[in-house]
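Q: Before we start, here is the structure in question, set down as structure tokens.
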Amino acid sequence: MLPWTIALLSIFAVRAREGLSRLRASGFTNYPKKGRPSVYSPWTQKRKPDLPNILLITTDQQRFDHLGLAGIRGIDTPHLDRLGSQGVHFNRAYTCCPICTPARLALLTGQYPSVHRGYSIGVSVDPFPRPTIADLLSDAGNATALFGKAHFVRREDEERHFAGIDSPPAGFYRNNSGPFIGFDCAKLERRHTTNGVPGMHYRVFLEDAGVEYADWYPDVHGKHDHAQAGLWNIPAGFHDTNWVTDNPIQWIRSMSRRSKDTPWFAWASYQDPHEPFVCPDPWFSTVRMNEVSPLEGHRDGEFDDKPPFYRQAYETGFGKDLSVQYGGAVPGNWRSFDDGHGIPSAFNRIDLTGKELDALQATLGMVAFIDHGVGRIIAVLEDLGMLDNTIIVFTTDHGEIHGHHGLWHKGLFPYEDNQRIPLLIYGPGHVKARGTVQALANLVDVPATLLSFAGVEKPQGMQGVDLGPILDGSEDTVQDATVIELEATQKVYQQTMITDQYKIVL
């Protein structure tokens, strides 16, 4: 590289770092479109006298392209495709942090991790950042509910915020379903597929069904295998994806019986397609693997100009402990990266054989299962006459490298696979059917956008940009750049700035 090119890049990096520091200090880390004010007031579109209901649907660790309308082959996602084609599909949406807890807390609060301080998994956030989006919508007269995975803070703190004590007694969740950090009703679960023992309200569901769930969860017997992949023997009717679907359906039906004049905000939070990559039939078997494109695996020499941890992660192997790479820099409560906390592990080679093939098939099966659940919820909204006055937002917390570059999982690697996310926003009468758009969007923009739909003014401490002008068709973009933060450990910090043309990683 020419000396003058190196000098220019160095100057740009310094100025970008200084700019990000100033923005973080001021409380704003997105970059509004030139000529617009830094803080948007709620979008001024004329609304119906009755404010819309809002349904937020999230998955965990889903790739941006694992949707039919984004080009995935081997499965069908007709219900998600409907939301994007009859609403808006943001093809260039990004997470604000490619780790679960920081991203989820940002979606709840509208704040970046550097502001809400829940910068990684296992971090205690005290005091809890309030108001949450549930607080604000509840104060505005909306009924509020959360079903599925929360994971806004570490598990111990989550139980304390729910129960008021550190270790709720046996049977607590059988008789308690809220309130929880702004949600009137909350029915929660934790762990992923076979990773761990089912807990909270989902465990109550399994116990009440009288099933021997220990046969489906190897951790009950101390036989956890984070690297497993393939067909899971749990019946689909008892899978947590089905449970997450059933709960908002029941709650929405109850809302229709109580009062159609009360707007509501419901959050359906699926745990899949997060690893372990296992999926029950019939969804595992419905994947048409003969149609699936080969993965873009590792290319010889592609890590030669990268920091050492790229090659270390690639060579370590799937499900192995990577903490040794950082000389003990990994927080002790992580112990190993078997749980995918912050830095991806890898399958050694990507050749679509054996375990890698099973992992891909299971992931696609999980996405198809979720799409089926979304379709069930939409059908209920139609039957109740609510669909035309309901905003539906579908997104995820972060992406998944999923074999590309020879790596799997999430975290430190600033690839598009890891940072880009699906974002679909649908709402007849409120959202113009624009289909796929190329406007930049960020997960942290979602809370401000939802508040705008509800006619609630965004509080001063909430970051992000209202996407409303894109949704009503009055603008093609509302920001010139967006930011992704990552603080995987106290010794590993990374920021990514993305514009229409460029990406810079600091």
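Read-outs throughout are calculated quantities, based only on the coordinates presented, and are distinct from any laboratory measurement. Please read these numbers as outputs of a predicted model, since none were measured by experiment. Using ideal geometry, Cβ is built from the backbone for each residue, glycine included, and neighbour counts are taken over all protein chains shown.
Q: What residues qualify as long-range amide H neighbours of Y112, i.e. H under 5 Å apart, gap of 5 or more or another chain, H built at 1.01 Å from N?
A: Correct list: Q463.
Q: Treat each spin label as a single point 7 Å out from the Cα along the C-beta direction, and report the V505 to D65 distance in nm.
A: Reported label-point gap for V505 and D65 is 1.7 nm.
Q: Also, I was wondering about something else. Going highest first, how would you order 196-208, 271-283 by mean Cβ packing within 10 Å?
A: Highest mean packing first, the order is 271-283, 196-208.
Q: Beta carbons within 10 angstrom, averaged per residue: use that to sort the peptides 102-115, 125-138, 414-427, highest first.
A: Output ranking for 102-115, 125-138, 414-427: 102-115, 414-427, 125-138.
Q: Would you mind ranking I54, I470 so that the residue whose beta carbon has the fewest other beta carbons within 10 Å leads the list?
A: The most exposed by this proxy come first: I54, I470.
Q: Oh, and also: So, in Å, what gap is there between the alpha-carbon centers of region 187-212 and region 77-121?
A: Using only Cα atoms, the two centres lie 25 Å from each other.
Q: For the residues S269, S259, S474, what sequence is obtained by ranking on other C-beta atoms within 10 Å, fewest first?
A: The fewest-first ordering by Cβ neighbours comes to S259, S474, S269.
Q: Please work out the C-alpha center-to-center distance from region 464-506 to region 226-296 and express it in whole Å.
A: Measuring centre to centre over Cα atoms gives 29 Å.
Q: Taking the beta-carbon count within 10 Å as an exposure proxy, list Y270, Y314 from fewest neighbours to most.
A: Y314, Y270
Q: Report the label-to-label distance for F172 and L357 in nanometres (one decimal), using points 7 Å from each Cα along the Cα→Cβ vector.
A: Computed distance between label sites F172 and L357 equals 4.7 nm.
Q: Below 8 Å, C-alpha to C-alpha, sequence gap of six or more: please give me the relative contact order for region 373-440 in percent.
A: Relative contact order for region 373-440 comes out at 34 percent.
Q: How would you order 179-191, 86-98 from highest to lowest mean count of nearby Cβ atoms within 10 Å?
A: Top of the packing list down: 86-98, 179-191.
Q: Give K458/K503; K187/K458; K149/K410 a once-over and call out the pairs whose C-alpha atoms are over 24 Å from each other.
A: K458/K503; K187/K458
Q: Describe numerically, in nm with one decimal, the distance between label points set 7 Å from Cα along Cα→Cβ at A433 and at D304.
A: In this crude spin-label approximation the distance works out to 5.2 nm.
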